[in-house]
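Every read-out reported here was derived from the displayed coordinates using simple, explicitly stated rules and does not represent laboratory data. Quantities reported herein were computed from a predicted structural model and do not represent experimental measurements. We place every Cβ from the backbone using ideal geometry, glycine too, and count neighbours over all the protein chains shown.
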Amino acid sequence: MRLAMAKLGIDPTEDPATWHWDSYWRLFSTVEGVIEDATLRREVEKIWRKANQVVWSDREHNRMKYTTDAIDVSREPQQTIFPLDARKTYEYSPATGYAFVRYVNRDVPRMQIVQRQESGWVNWGTNGENEYPEMPSGSTIFSAYGRFDDVEAQAARLEMPVVASPGVIERFYPL
């Protein structure tokens, strides 16, 4: 592992909690190829099991499993939340007044929403820890972007199917 870290310029004495998130991806990336495939699989399995133990035992993290209130991701300690059994989410920028509203037609067992205020970067995914996909097969995501008076009402509108009916198309020409 130290050799792989050295190849990527990661100080092995540095606390991994202080690393830039990109260091984790690069270290365990098959594209970078700094760790042999068999070792990589073994290490990722250990990390996955440990991460799940930590997350599910973290009282602060798990309090969000039982709320229906809006959560300001940028104010959460890890700037990451994992909504459980959710269908509707939205991201809102008070600076611009714009919101990105999403509705999924089936409950997603676990989503991941990350916001980093330093970079303005947002990640919305239908996955839990370690990128394990949790979107049910056959799901459809509906989304809307704009300035909405009520984002919850907008999310409710996304639930309604678009209905088209055949009819006469009238054209109006200026005189």
| message | Just to check I understand the Karplus step: with θ = phi - 60° and J = 6.51 cos²θ - 1.76 cosθ + 1.60, what whole-Hz values come out for the range 48-53, glycine and proline as x? | response | 4, 5, 5, 4, 5, 4
| query | Toward the positive end of the charge dipole of the range 2-59, about the Cα centre and with charges on Cβ (Lys, Arg +1; Asp, Glu -1), which of Thr18, Ala38, Met5 goes farthest? | reply | Ala38
| message | I want to check the label-to-label distance for Asp150 and Glu45. Put each point 7 Å from Cα in the C-beta direction and report it in nm to one decimal. | response | 5.2
| message | Which of the three applies to the range 2-59, rounded, prolate or oblate, going by the alpha-carbon gyration tensor with a ≥ b ≥ c and a/c under 1.5 meaning rounded? | response | oblate
| task | Treat the count of other C-beta atoms within 10 Å as a stand-in for reagent exposure and order Met111, Met1, Met135, Met160 from fewest to most. | result | Met160, Met1, Met135, Met111
